[in-house]
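Enquirer: Below is the structure I would like to discuss, written out as structure tokens.
The values are calculated or read from the model by the stated rules, or taken from the named source; none is laboratory data. Worth saying up front: this structure is predicted, and the values here are computed from it rather than measured. With ideal geometry, Cβ positions are generated from the backbone for all residues, glycine too; neighbour counts draw on all protein chains shown. Please note that ligands, DNA and RNA were not included when accessible areas were found on the heavy atoms of the full protein model with its side chains. Shrake-Rupley method; radii C 1.70, N 1.55, O 1.52, S 1.80 Å.
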Amino acid sequence: MDKKQWYKDMVFYQIWPRSFKDGNGDGMGDLLGVYEKLDYIKSLGCDGIWFSPLYPSPGVDCGYDISDYMDIAEEFGGMEAFKKVLDGAHERNMKVIMDLVVNHTSTEHEWFKKSRERIEPYTDYYIWRPAKPNGKLPNNWDSLFEGKAWAWDEVRQEYYMHLFAVQQADLNMDNPLVREEVKKILRYWLDMGVDGFREDVVTFISKPEGLPDDRIMPASKGINMYNHGPHLHEYLEEFNNDVFSKYDCMTLAEAPMVSPKVALKYIDETNNPVLDMMIQFSTQEADCFFSDFRHMPFSLRKYKKALSKWQNGLEGKGWNMLYIENHDHPRIVSRYGSEKFRVESAKMLAVAYLFLKGTPFVYQGQEIGMTNWYPSDPSLYEDVQTRWQYENVATNKPPQKRLERLWYGSRDSARTPVQWDDSNNAGFTTGTPWFFVNDNYKEINVASQQNDDNSVLNFYRKAIKLRKELSCVRNGNYVEYNKNSSKLYIYSREYKNQKVLVVCSFSGKNEHWKVPNGFDLNNSELILGNYSNSELNVLKPYETRVYLWK
Ligand code: NOJ
């Protein structure tokens with residue numbers, strides 16, 4: 001099948017369904033709510049939607065613990081509502097991609113229930129190991145969410161592996177029957193008309209033979225043992241050859257700890273790619289050490305290094321997705337921007353990534369500059385990973401410090417309901433919301449920004465429109481200037497006779513800047529900016545500008 005790579009001209013919107021919009025008043029976001037907001041999403045200039053999981057699930061990890069891959073959860077409106085949304089999106093020329101979560105299933109999945117009973121053919125669907133005679137666990141790997149990577153099953157009298165929550169059992173992808181199941185799932189949704197998949201931690205699916213202890217970096221929880229495991233490429237190739245290559249669809253693989261060099265093994269367009277794009281994490285690590293819970297002061301140099309590494313590393317070979325927020329990280333304004341200069345910094349952060357090469361993703365609420373949620377009590381957190389962190393890590397620190405660790409590290413910081421207006425519950429639901437609404441909803445909401453020319457929301461619309469109009473943003477080369485600056489990020493994109501210069505200040509003070517050599521602003525047009533009264537050589541707090549030459 002001739003792949004059209006339509007995703008290269010698109011901007012995607014990520015929906016984390018529980019908190020997007022409740023359409024039936026039960027307090028939980030749902031597909032009826034999504035249907036109501038399709039025109040809103042389209043009005044941003046977004047022409048694709050990535051749905052975080054919509055499948056039936058006990059909800060231990062908010063849907064990433066799936067108990068049935070071939071259905072849509074009743075709480076989200078069931079299959080009928082999904083088909084309505086899918087059709088509604090397609091009528092608007094929008095694509096829809098689903099989350100494919102096949103590193104693990106919920107322990108409530110039929111496969112697991114049968115596997116623990118050793119009912120064929122399910123016996124080897126998961127990674128089971130007997131207890132060691134010395135009472136030790138099968139190996140020294142840690143779960144990324146809670147404790148060790150092994151849980152004892154009373155029924156089967158063996159350990160099963162769970163790299164995430166205890167109720168998320170890792171599938172045994174080495175079993176060809178499991179791979180056939182995955183292909184069945186893919187065909188089912190693609191035949192229904194879905195346009196592709198975001199593949200959850202897919203780089204973890206191939207575990208090394210014998211599951212050896214991690215002796216090199218035990219502190220890394222074993223991740224370097226199973227990330228990009230021995231058969232990963234082979235399995236992805238199999239999914240691609242047997243399924244994806246037969247559909248005009250896109251694939252986007254979540255890939256923790258990946259470098260551009262490694263990514264090119266999978267996404268090099270000049271050399272039989274097995275995936276279209278990968279989700280790298282390095283641009284999320286400019287204010288923390290690998291995990292958001294290990295918070296550090298934001299370093300622009302670190303951020304720029306990561307951005308440029310990916311722009312340069314894939315040049316001429318690969319294409320990637322671009323993002324500044326998703327459901328796994330606290331809000332970007334509260335991290336890389338400034339809540340004091342919320343409006344200015346939200347706009348600047350948008351420009352900093354929207355003019356790069358790649359397919360941008362916007363996470364729900366990002367487009368209105370939503371901020372982190374700061375609860376006063378740790379018991380209010382819902383997320384499984386956050387709760388475990390609170391109970392088990394840094395327990396000797398004073399209570400306020402422990403709470404702050406969660407504010408800056410928890411995924412719940414970005415999972416509060418979308419703030420639609422200033423009515424009760426921010427217009428998210430007419431019922432009782434499943435989760436807390438951020439107190440600042442009266443000030444920050446979609447309705448108040450809709451008709452305000454200077455709002456973050458309308459700035460996103462302008463920036464996305466410009467991005468789509470400029471061929472140099474899609475096709476141009478990338479050059480970074482002032483690399484050593486810890487305050488300014490300046491880059492250009494150039495293609496044929498068209499060139500843009502993007503200037504972003506990450507400083508809360510006025511900053512002097514010099515136009516890079518070779519650029520004559522007299523012949524340029526200022527096509528986007530976040531201040532109306534700017535002075536040529538001084539950038540105001542969090543100022544951004546985009547100049548165009550043609
Ligand atoms: C990555 C997902 O983005 C995250 O939300 C989830 O908890 C883990 N994978 C486990 O599925």
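Enquirer: Kindly establish whether Phe289 is in contact (Cβ under 8 Å) with a residue 12 or more places away in the chain and open to solvent by 10 Å² or more (accessible area, probe 1.4 Å). Even if it seems obvious, please write down each step before you answer.
Expert: Details: in contact (Cβ under 8 Å) with a residue 12 or more places away in the chain: no; open to solvent by 10 Å² or more (accessible area, probe 1.4 Å): yes.
Spelling it out, it is not the case that Phe289 is in contact (Cβ under 8 Å) with a residue 12 or more places away in the chain and open to solvent by 10 Å² or more (accessible area, probe 1.4 Å).
Enquirer: Another one. Using beta carbons and a limit of 9 Å, which pairs, at least six apart or on different chains, have the first residue in segment 294-305 and free of Cβ contacts under 8 Å to residues at least 12 places away in the same chain and the second one buried (at least 16 other Cβ atoms within 10 Å of the Cβ) and in a loop (DSSP other than H, G, I, E, B)?
Expert: Going by the 9 Å Cβ cut-off, the qualifying pairs are Met296/Ala286; Met296/Asp287; Pro297/Asp287; Lys305/Ala286.
Enquirer: While we're here: Kindly indicate whether any position in segment 414-429 is within 16 Å of the ligand (Cβ to nearest atom), touching a Gly at 6+ places or on another chain (Cβ under 9 Å) and at pLDDT 95 or above.
Expert: Step one: of segment 414-429, the residues within 16 Å of the ligand (Cβ to nearest atom) are 414-416.
Imposing the further condition that a residue be touching a Gly at 6+ places or on another chain (Cβ under 9 Å) reduces the set to 414, 416.
Those left that are additionally at pLDDT 95 or above: 414, 416.
So far as segment 414-429 goes, yes, one or more of its residues are within 16 Å of the ligand (Cβ to nearest atom), touching a Gly at 6+ places or on another chain (Cβ under 9 Å) and at pLDDT 95 or above.
Here's the yes/no breakdown for (1) among the charged types (D, E, K, R); (2) more than 29 Å from Asn240 (Cβ to Cβ):
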{"position": "Gly135", "(1), (2)": "no, yes"}
{"position": "Phe145", "(1), (2)": "no, yes"}
{"position": "Arg156", "(1), (2)": "yes, yes"}
{"position": "Met161", "(1), (2)": "no, no"}
{"position": "Asn172", "(1), (2)": "no, no"}
{"position": "Glu181", "(1), (2)": "yes, no"}
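Enquirer: Quick test for you: out of Ala169, Ala151, pick the one residue that is surrounded by 21 or more Cβ atoms within 10 Å (Cβ to Cβ), within 16 Å of the ligand (Cβ to nearest atom), modelled with pLDDT of 95 or more and small (Gly, Ala, Ser).
Expert: Exactly one residue qualifies, and that residue is Ala169.
Enquirer: Report, by residue number, each residue of segment 352-391 that is more than 18 Å from the chain's Cα centre (by Cα) and of a type in the set (Lys, Arg).
Expert: Of everything in segment 352-391, just one residue is more than 18 Å from the chain's Cα centre (by Cα) and of a type in the set (Lys, Arg), namely Arg387.
Enquirer: Follow-up question, since we're still on this one. Can you tell me which of Tyr531, Tyr460, Tyr542, Tyr489 is in a strand (DSSP E or B) and modelled with pLDDT of 95 or more?
Expert: On the way: Tyr531 fails: in a strand (DSSP E or B); Tyr460 fails: in a strand (DSSP E or B); Tyr542 fails: in a strand (DSSP E or B).
Step by step, each of Tyr531, Tyr460, Tyr542, Tyr489 is checked, and only Tyr489 is in a strand (DSSP E or B) and modelled with pLDDT of 95 or more.
Enquirer: Could you identify the single residue in Phe361, Phe341 that is of a type in the set (A, V, I, L, M, F, W, C) and crowded, with 23+ Cβ neighbours inside 10 Å?
Expert: Numbers: Phe341 fails: crowded, with 23+ Cβ neighbours inside 10 Å.
Only one candidate passes the filter, namely Phe361.
Enquirer: Sort out which residues of segment 1-31 are surrounded by fewer than 16 Cβ atoms within 10 Å (Cβ to Cβ) and more than 19 Å from Cys46 (Cβ to Cβ), and write them in order of number.
Expert: Met1, Asp2, Lys3, Gly25, Asp26
Enquirer: If you don't mind, there's one more thing I want to ask. Taking only pairs six or more apart or across chains, which ones have beta-carbon atoms under 9 Å, a first residue in segment 157-170 that is farther than 14 Å from Gly147 by Cβ, and a second residue that is part of a loop (DSSP other than H, G, I, E, B) and within 11 Å of the ligand (Cβ to nearest atom)?
Expert: That search, which allows pairs on different chains as well, returns Ala169/His162; Asp170/Asn103; Asp170/His162; Asp170/Leu163; Asp170/Phe164.
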